[in-house]
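The structure under discussion appears below in the form of C-alpha cells.
The values are calculated or read from the model by the stated rules, or taken from the named source; none is laboratory data. Since we're looking at a predicted model, the values are computed, not measured. Because the Cβ atoms are built from the backbone with ideal geometry, glycine has one as well, and the counts that use them run over all protein chains shown.
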Amino acid sequence: MGYLGDAMDQRQACHEPAAGEISLCTDQLCLSYGSKQALEGVSLEIKPRAVTAIIGPSGSGKSSFLCCLNRLTDLTAGSAVSGQVKVGSTEIYGTQRHDPVQLRRQVGMVFQRANPFPFSIWKNLALPLRHHGVRDKQQLRQRIESALQRVGLWDEVSDRLNTPAGALSGGQQQRLCIARALVLEPSILLMDEPCSALDPISTQRIERLILELKERYTIVIVTHDLAQARRIADHVALFWSFEGKGRLIEYGPAPQIFHHPTHELTGAYLAGHI
Amino acid sequence: MVEAATIAPPLGARSTLGIDTLVWGVGLALLALFGLLLAEMFAAGLPVLSLEFITGEASDAGRSGGISAVLVSTLWVVALAVGIALPLALGTALYISEYLGRGSTLYRLIHGSLDVLSAVPSVVFGLFGNAVFCELLGLGYSLAAGALTLVCMIVPVMVKASVDGLTAVPTELRAAGSALALSKPALIGHIVLPAALPGVASGVLLGVARALAETAALLFTSGYVLRMPDSPLDSGRTLSIHIYDLAMNVAGGDRFAYGSATVLVILLLMINGAIALVSSYAHRRTTDS
Amino acid sequence: MVSDRLLHSLLALFAALAAGLLLLVVGFIAQEALGLLQQLGVGAFLFHGEWQPYAGRFGLLPMLLTSLLLMLGAVAIATPLAVVGAACINFYLGRHSAILARRLVEIAAGIPSVVYGLWGLTLLVPLLAAIKQPGASLLAGMMVLALMILPTIVVVVDAGLRALPTHYRENAEALAIRRSGFVFAIALPAVRGSVITGATLAAARAIGETMVVMMVTGNLVQLPGSLFDPVRALTANIALEMAYAMDEHRSALYVSSLFLLLFAVALVLTNQLLLGWRGRHG
C-alpha cells in the first residue's frame, strides 16, 4: 500500500491527487525550535475523507506535527521547518511565498482546550465569515445555522445566540469551536486532543460528530486515548520520541495497527507495556 | 504525657520578642505616619473646598477666590499630553508585542531606551521642552509646549502597561484566530486589542496620573500664568504648580495650597480607584471563561 | 482592509519614534551644553566651588555634593525602614489589614512630590527650626526625600516578597523556624534583588527630584558644613534660575542638567547590569 514513504525514493511519498480531492501529505518533514529538534523525517500521506489518528507518548511530536500542517508553527518564534508539506498541489513551506491565510481556509483546526473568543456565540461564528467576505446577513445566518446544526448545537443555543460563548458548558464550547472551524468550509480538519478536557458524555458526542464529519472532511486527530483511536480511527500513525526527536514509526489502517503491528514498539505501546 | 517528655527542649531558647516588636513598631509607625499626613492634608484642605473654590476666579495672587483657571489649564495639559501619547504608546506596544520576538535585539533596544527614558529627571525634561517646544518650534511658554513635554515623560509608562495587557492575551485566542485564517491586522483589531483593552485603559490612567502629578517639567514650558487660558497656545498654570507657587511664593497661601493639594489628591485617588476597577474587571473576565 | 505590510511599517514607525525620544532628549540637552563645556572644560564645572553666573564662574561642586548627600541620606533612611515595613505587611499583618496597608502605600507612592514638599515646608521645617534655625536644611531635604521614596521601595520589595513560593514558609514552619527567623534569614535574603532594584530606582528619583528639595532645603549655595545648614541642590538651582538665565548662564544650567541626566541613567543601567549579573550567577 505504500503507507510509509519509500525509504529508497522519497519523491514517491506524495502522489498526484485524485480528481476532486484535496490531498495532504508530508515528505521528510523536520521541525525544530531553536536548537531543539522536535520532529525528524516524517513522511506520510493522509487518506482523504477518513479519520487519521496520531498516537504516541507525550513529547513524541504529535501536536507539533499537526501545527506543521496549517503553518501554525509560524506563531512560535524560532521555529524552523524543512522537508515538504503538500496540501493539494501546493507545497506550503515552498520557496514561493505562500500565504498562510489562504492555507488555513482550507485546513481548519480545533484545539485541546476550547478557545472561544470572549464574544457572543453569534460573533464567534460571524467574525471569520465576515473577515472572508461574507457580508450578506441572510447568507451569514444560513451558514452559521448550518454549522451549528452540523455539530448538533443549533437546538441547544438557537434562542441565545447573543449570549457570551464563555457561558456555555465545556462540551458545548468545544462543539462551538468545531462549528467555528467548519463555517469556513475547509476540506481538512485538524484536531489536537479535542476531548482531553471534557467529561465522558461530551466526549461521546464529539466522537459521534467526528464520525459524521468524515463523510465530508479529511480529519487528522491527535489523541492520547488509545480507546478513542480504536473507536473512531480509520488509519493510525504512531509517533515515538528518540532522544527528544519525534519520529513516525508505524502508519497503517487501524485494524492492522491494532491487531498486527509490525514494529515491536507499537505492540508494546498498545499493550501498555511502555 | 509520656510523649511530651520526649520532645526535645528548644535549642538555645532565644526570645524573638525583641525582633517581633521592632517589625511591628516600624511597620505600624510608617502606616500611621502616612495616614496622619493624609489626614492632616484633608483636615486643612477640605474646609477650603466649596463650589466657589472650584469654579471661581482667583484673586489676590491665589490667596482668595477660586481655581477655575488652574483646573482648565490642567485639563488642557493632561488631555493634550495623553491624547498625543496614546497613539504613539499603543502603536509602540503593538509593534513590540505583535511583531517583535521577546529575545530580539530590537526588542531589547526599544525596551532599554524606554527604561532609561523613564529614569530621566523631570527637570531635565523641562529644559528639553524649553529648548525644543518653546524655542525651536516657537510655541513659547504655552499649555501645548507643556503637554508635548509631558508626552515624552508618560510614553514609557503607557507603553509598559499596554505591553503587559497585550502579552496577557491568552495564546489560545491568537492560535484560534490564526487557525481561522484571520489576517494579522484583523487578528490584532478584532481579537487581540479588545482582549487587551483593560491593560491599555490602565496605561492611559497611569499616564493621566503621571501628568497630573508633574510639576518641575512644566515650570518653564507651560509657565505659571494665573489666568484663564483661551487656547492651548496660551500659558497657564496646572494644579501642582499652583500648589508650589502658593506654598513658596505667596505669604499666607498655605490654606489654599492645602485646598488645591486636596483637589489634586482626590483626583489621583479617583484615578487609582478606576485602575483598580479596570483590573478587577479584567481579572473577572479572564477567570470566567 | 489594512494590509499586513502597511500596519507593520506604521507600527514600526511609532516604535522608532518612541525609542528615538531618548536620543532626542539627550541630543538636545547635549547640544545646548556642549559649547560652554568645550570652552571652559569639565574641570571648571566639577572641581570649583564658586557659582557666580554673572562673573562667568560656574563651579557646581557645592550643589553636586549637596545632591549626592541628599540622595545618599534619603536612601539610607528609607531603605531599611521600607524593607521592614514590607516584611510587616507580608508576614505580620492579617490578610485584611495587609490589603488596607497596601492600598495606603500605593496611595502614598502616587502622591505628587509637590505635596510632599508642602508637607515638609509646613510641618517638618518649623519642627526643625525649633531645634536649630533656620529649619530649611540638608537634614530636612533628606527626611522629606526619604518619606517620598519610601512607598516606592515598599511596593517593589512587597512585590518580591509576594512572589516568593509559599513552600518556603511551609518548609520553615516544618523546621520549627520562628516567624522572625523566617523573615530575616530566608525571606528578605531571597528578595535581595528587589531590594537593590527598589533602592536604585528610589536613588534615581531622589537625585532627580526638584520640588521637594527646592521647598525644604533653603536654597543657599554652599558646601554643607552640618546637617542643619541650608543648601541648594543641582535640580533646585536649575528650576530657580532657568526663568531668567541668559546666554552662558543658560548653557551652564544645561551643563548641570547633562550631569544629572548622566547620573540618573548610570544608576538605572547599573541596576540592570546587577540584575542581569545576578540572573546569570545568583
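State whether one or more residues within segment A:87-100 are assigned to a helix (DSSP H, G or I), more than 13 Å from chain B (Cβ to nearest Cβ) and at pLDDT 85 or above.
No, the conditions are met nowhere in segment A:87-100.
Quick one: how many residues across segment C:92-115 are part of a helix (DSSP H, G or I) and either among the hydroxyl-bearing types (Ser, Thr, Tyr) or more than 8 Å from every other protein chain (Cβ to nearest Cβ) (or both)?
11
Does A:GLU193 fit the bill of being out of contact with any His (no Cβ under 9 Å at 6 or more places or on another chain) and of a type in the set (D, E, K, R)?
no
Would you confirm whether or not segment C:73-81 contains a residue that is facing another protein chain (nearest Cβ under 8 Å) and modelled with pLDDT of 95 or more?
yes
From B:ALA131, B:ALA161, B:ALA144, which residue is part of a helix (DSSP H, G or I) and modelled with pLDDT of 95 or more?
When all the criteria are applied, what remains is B:ALA144.
Within segment B:75-119, restricting attention to residues that are without any contact (Cβ under 8 Å) to a residue 60 or more places away in the chain and touching a Pro at 6+ places or on another chain (Cβ under 8 Å), which residue is nearest to the other protein chains (Cβ to nearest Cβ)?
So the residue we want is B:LEU117.
Cβ contacts < 9 Å: first residue touching a residue at least 60 places away in the same chain (Cβ under 8 Å), restricted to segment B:51-68; second residue basic (Lys, Arg) and assigned to a helix (DSSP H, G or I), any location; separation 6+ or different chain. Result?
Filtered contacts from segment B:51-68: B:ARG63/B:ARG255.
Across segment C:180-194, what is the number of residues that are touching a helix residue (DSSP H, G or I) at 6+ places or on another chain (Cβ under 6 Å) and either within 10 Å of chain B (Cβ to nearest Cβ) or at pLDDT 95 or above (or both)?
Residues meeting the conditions: 2.
For segment B:179-204, give me each residue that is over 16 Å from C:HIS8 (Cβ atoms) and not aliphatic (A, V, I, L, M).
B:HIS190, B:PRO194, B:PRO198, B:GLY199, B:SER202, B:GLY203
Is it the case, given these coordinates, that C:VAL42 is within 11 Å of chain B (Cβ to nearest Cβ), within 28 Å of the chain's Cα centre (by Cα) and either surrounded by 13 or more Cβ atoms within 10 Å (Cβ to Cβ) or not aromatic (Phe, Trp, Tyr) (or both)?
no
Could you tell me which numbered condition C:THR235 fails, if it satisfies all but one of (1) at the interface with another protein chain (Cβ under 10 Å from one of its Cβ atoms); (2) assigned to a loop (DSSP other than H, G, I, E, B); (3) touching a Ser or Thr at 6+ places or on another chain (Cβ under 7 Å)?
(2)
Taking the stated definitions as given, is C:LEU64 of a type outside the set (Ser, Thr, Tyr) and either under 26 Å from the mean Cα position of the chain (by Cα) or surrounded by fewer than 19 Cβ atoms within 10 Å (Cβ to Cβ) (or both)?
yes
Among the residues of segment C:264-274, is there at least one that is in the same structural domain as C:GLY135 (by TED's automatic domain parsing), polar (S, T, N, Q), within 22 Å of C:LEU138 (Cα to Cα) and part of a helix (DSSP H, G or I)?
Within segment C:264-274 (the criterion being in the same structural domain as C:GLY135 (by TED's automatic domain parsing), polar (S, T, N, Q), within 22 Å of C:LEU138 (Cα to Cα) and part of a helix (DSSP H, G or I)), the answer is no, since none of the residues qualifies.
Based on what the data block shows, is B:ALA186 in contact with a Cys (Cβ under 9 Å, 6 or more places away or on another chain) and either of a type in the set (Lys, Arg) or at negative phi (or both)?
The answer is no for B:ALA186.
For segment A:102-178, which helices (runs of 4 or more DSSP H) that fit wholly inside it have 1 or more residues that are away from chain B (no Cβ under 14 Å) and touching a residue at least 60 places away in the same chain (Cβ under 8 Å)?
Counting at least 1 such residues, we get A:137-150.
Give the residues of segment C:220-248 that are within 28 Å of B:ALA131 (Cβ to Cβ), at pLDDT 95 or above and either touching a strand residue (DSSP E or B) at 6+ places or on another chain (Cβ under 8 Å) or among the aromatic types (Phe, Trp, Tyr) (or both), sorted by residue number.
Of everything in segment C:220-248, those that are within 28 Å of B:ALA131 (Cβ to Cβ), at pLDDT 95 or above and either touching a strand residue (DSSP E or B) at 6+ places or on another chain (Cβ under 8 Å) or among the aromatic types (Phe, Trp, Tyr) (or both) turn out to be C:VAL231, C:ARG232, C:ASN237.
Kindly indicate which of B:ALA209, B:ALA179, B:ALA175, B:ALA119 is touching a strand residue (DSSP E or B) at 6+ places or on another chain (Cβ under 7 Å) and either at pLDDT 90 or above or of a type outside the set (Val, Ile, Thr) (or both).
B:ALA179
Step by step: first the residues of segment A:131-175, then only those that are of a type in the set (Lys, Arg) and surrounded by 13 or more Cβ atoms within 10 Å (Cβ to Cβ), then the one that is farthest from A:PRO186 (Cα to Cα). Which residue is that?
A:ARG160
Among the helices (runs of 4 or more DSSP H) lying completely within segment B:203-289, list those that include at least 1 residues that are within 14 Å of chain A (Cβ to nearest Cβ).
Helices (runs of 4 or more DSSP H) meeting the threshold: B:254-288.
With the structure loaded, tell me whether C:ALA174 is in the same structural domain as C:CYS88 (by TED's automatic domain parsing), out of contact with any Lys or Arg (no Cβ under 9 Å at 6 or more places or on another chain), surrounded by fewer than 18 Cβ atoms within 10 Å (Cβ to Cβ) and within 12 Å of C:ASN90 (Cβ to Cβ) or whether it fails that test.
No: the conditions fail for C:ALA174.
Out of the residues in segment C:116-142 that are within 14 Å of chain B (Cβ to nearest Cβ) and more than 16 Å from C:ASN219 (Cα to Cα), which is nearest to the chain's Cα centre (by Cα)?
Checked segment C:116-142; the qualifying residue nearest to the chain's Cα centre (by Cα) is C:TYR116.
Checking C:ALA15 against (1) crowded, with 19+ Cβ neighbours inside 10 Å; (2) within 12 Å of another protein chain (Cβ to nearest Cβ); (3) within 30 Å of B:LEU267 (Cβ to Cβ); (4) out of contact with any Leu (no Cβ under 7 Å at 6 or more places or on another chain), which test does it fail?
(3)
Closer than 30 Å to B:VAL263 by Cα and modelled with pLDDT of 95 or more: is that true of B:LEU30 in this structure?
In short, yes.
Taking into account only those residues within segment B:162-188 that are among the small types (Gly, Ala, Ser) and at the interface with chain A (Cβ under 10 Å from one of its Cβ atoms), which is nearest to B:LEU86 (Cα to Cα)?
For segment B:162-188, the residue satisfying everything is B:ALA186.
Are any residues in segment A:63-79 among the hydrophobic types (A, V, I, L, M, F, W, C) and in a helix (DSSP H, G or I), and if so, which ones?
Within segment A:63-79, A:PHE65, A:LEU66, A:CYS67, A:CYS68, A:LEU69, A:LEU72, A:LEU75 qualify.
Which of the residues spanning segment B:101-151 are among the small types (Gly, Ala, Ser), within 24 Å of the chain's Cα centre (by Cα) and closer than 24 Å to C:LEU260 by Cβ?
Listed by number, the residues that qualify are B:GLY112, B:SER113, B:SER118, B:ALA119, B:SER122, B:GLY126, B:GLY129, B:ALA145, B:GLY146, B:ALA147.
Scan C:THR200, C:THR217, C:THR210 and give me the residue that is β-branched (Val, Ile, Thr) and either closer than 14 Å to B:SER118 by Cα or surrounded by fewer than 21 Cβ atoms within 10 Å (Cβ to Cβ) (or both).
C:THR200
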